[in-house]
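Since the structure comes first, as structure tokens, the remarks are kept for the end.
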Amino acid sequence: MGKILIIEDEPKVANFIKNGLEENSYTSDIAIDGFIGKSLAIVNPYDLIILDLNLPLINGIDVCKAIREKDKSTPVLMLTALGSIEDKLIGFESGADDYLVKPFEFSELLARVRALLKRTLHSNTAEKMLSMGDLTVNLMNMTANRNGKNISLTLKEFKLLEYFIKNRDRVITRSEIAEKIWEIKFDTGTNVIDVYVNFLRKKIDKDFEKKLIHTIIGSGYMMKEPE
């Protein structure tokens, strides 16, 4: 059903996860520190990586960044005792696909694993290219190009752009963006959504006459071609 790498320095937690996964027909390897985990993740093909944040030798954030430099598609589920919105955003920005706070029930971990593997299977069989006007987005290698100009995007910026273009011509609220892109409840006291939309807008629209990302005052954002 899938091979999973568990990067976790607490033996009880690592074996708990491994035993549970194997009872559900998954195979798994364990890495007890960030250095070993990084090495295994880069060299070997895995269907999913479960990554603890607080690791010896190399922390989980740096391990995740290193993985993403070589592999942009293998889903990463990050485990941590830190559960604030700011901590989650740091994890997501490093390249994690999902975030589970310790302590957790194995049933919840298993549900996250299945959802991530299902999402990956779907993306592997779904449309590989998206386009809007002179903007093209390659879902396979996670690149964007507008009018012949390559646009460098972070993982979260790319996912935000993908969501915008797939939901073109309709208003997308900040709470929807928070839920779909960061999988967090929107906090009206933070402007993180606006900050990231502005990051993306500078890269997608700044150097071009026709603007694609539009602010809908009091509602959210809309991606559309100008009339």
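Some values worked out for this structure:
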item	result
Cα-based helix-to-principal-axis angle, 60-70 vs the chain, degrees rounded to 10	60 degrees
Options ASN24, THR136, LEU51, ranked by Cα towards positive dipole end of the chain, top entry (Cβ charges)	THR136
Charge dipole (the chain, unit charges on Cβ, about Cα centre) - positive-most of GLY148, ALA115, VAL192	GLY148
Of all DSSP beta bridges in region 74-187, antiparallel share, percent nearest 5	75 percent
Selection from LEU161, PRO75, PHE104, by position along the positive dipole direction of the chain (Cβ)	LEU161
FRET efficiency, 1/(1 + (r/R0)^6) with R0 22 Å, evaluated for ILE85 and ASP62 via beta carbons	0.55
Kirkwood Rh in Å, taken over region 42-168 so that all alpha-carbon pairs contribute	15.8 Å
Estimated dipole of region 92-174 in Debye, rounded to 20 [Cβ of Lys and Arg +1, of Asp and Glu -1, Cα centre]	120 debye
Surface/4 estimate of mean projected area, convex hull on alpha-carbon atoms of the chain, nm²	12.9 nm²
Difference of contour (0.36 nm per residue) and Cα-Cα distance, LYS102 to ILE217	37.6 nm
Net dipole in debye of the chain [+1 Lys, Arg Cβ; -1 Asp, Glu Cβ; about Cα centre; nearest 20]	740 debye
Relative contact order for the chain, counting Cα pairs under 8 Å that sit 6 or more residues apart, in percent	12 percent
0 to 90° range, to nearest 10: angle between helix 34-43 axis and the chain longest Cα axis	70 degrees
Region 142-227: Cα Rg divided by the 2.2 N^0.38 Å rule of thumb	1.05
C-alpha long axis of helix 192-204 to longest principal axis of the chain, angle in °	60 degrees
Simple label model, 7 Å out from Cα along Cβ direction - GLU183 to GLU23, nm	2.2 nm
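All of the numbers you see were taken from the coordinates with simple rules; none came from a lab. All figures in this text were calculated on a predicted structure; none of them were measured in a lab. In this analysis, Cβ positions are derived from the backbone assuming ideal geometry, glycine residues included, and neighbour counts consider all displayed protein chains.
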